[in-house]
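The values are calculated or read from the model by the stated rules, or taken from the named source; none is laboratory data. Here the structure is a predicted model, which means the values were calculated and not measured. Because the Cβ atoms are built from the backbone with ideal geometry, glycine has one as well, and the counts that use them run over all protein chains shown. SASA here: full protein model, heavy atoms, side chains in, ligands and nucleic acids out. Shrake-Rupley method; radii C 1.70, N 1.55, O 1.52, S 1.80 Å.
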Amino acid sequence: MQQNTFSLRLATLRAKKGVTAKHMSELLGRNPGYISKIESGKGYPSLDEFFRICEYLDISPAEFFDTGNADPLHLREIIGDLKRLDAKQLDMIGPLIKSLIGK
């Protein structure tokens, strides 16, 4: 993942959580400009800080790097619900999903 992609992903996920960069920085125990610095591409977090950021966003590192997943929390919830369905129910859901995405 390139730095600008990392920065944009962080900004998108933070905004989806509904928190400002300043507030997130402070909640992580960092200076008020910490997240803004990362989002502007002027730095990367350490690995430990990256894990703390993911924990704060309530996502896994894999979900962070899955840029095709616009809403990791929502998708995780839906997948959890799908896992509870039996084969017949999944067969009914498949065509609905395909119609929603236009396939």
Open item on the list: Looking at the stretch 33-49, can you tell me whether even one residue there is in contact with a Pro (Cβ under 9 Å, 6 or more places away or on another chain), modelled with pLDDT of 95 or more, over 19 Å from Ala21 (Cβ atoms) and open to solvent by less than 90 Å² (accessible area, probe 1.4 Å)?
Closed with: no
Open item on the list: Return the residues of the stretch 62-79 that are acidic (Asp, Glu), surrounded by 13 or more Cβ atoms within 10 Å (Cβ to Cβ) and either in contact with a Phe, Trp or Tyr (Cβ under 6 Å, 6 or more places away or on another chain) or in a helix (DSSP H, G or I) (or both); say none if nothing qualifies.
Closed with: Glu63
Task: Checking Ile59 against (1) closer than 28 Å to Met24 by Cα; (2) out of contact with any Pro (no Cβ under 9 Å at 6 or more places or on another chain); (3) not in a helix (DSSP H, G or I), the condition it does not meet - done: (2)
Open item on the list: Just to be sure I understand the filter: pairs with C-beta atoms under 7 Å, separated by 6 or more residues or on different chains, first member in the stretch 80-103 and at positive phi and in a helix (DSSP H, G or I), second member surrounded by 10 or more Cβ atoms within 10 Å (Cβ to Cβ) and among the acidic types (Asp, Glu). Which pairs pass?
Closed with: none
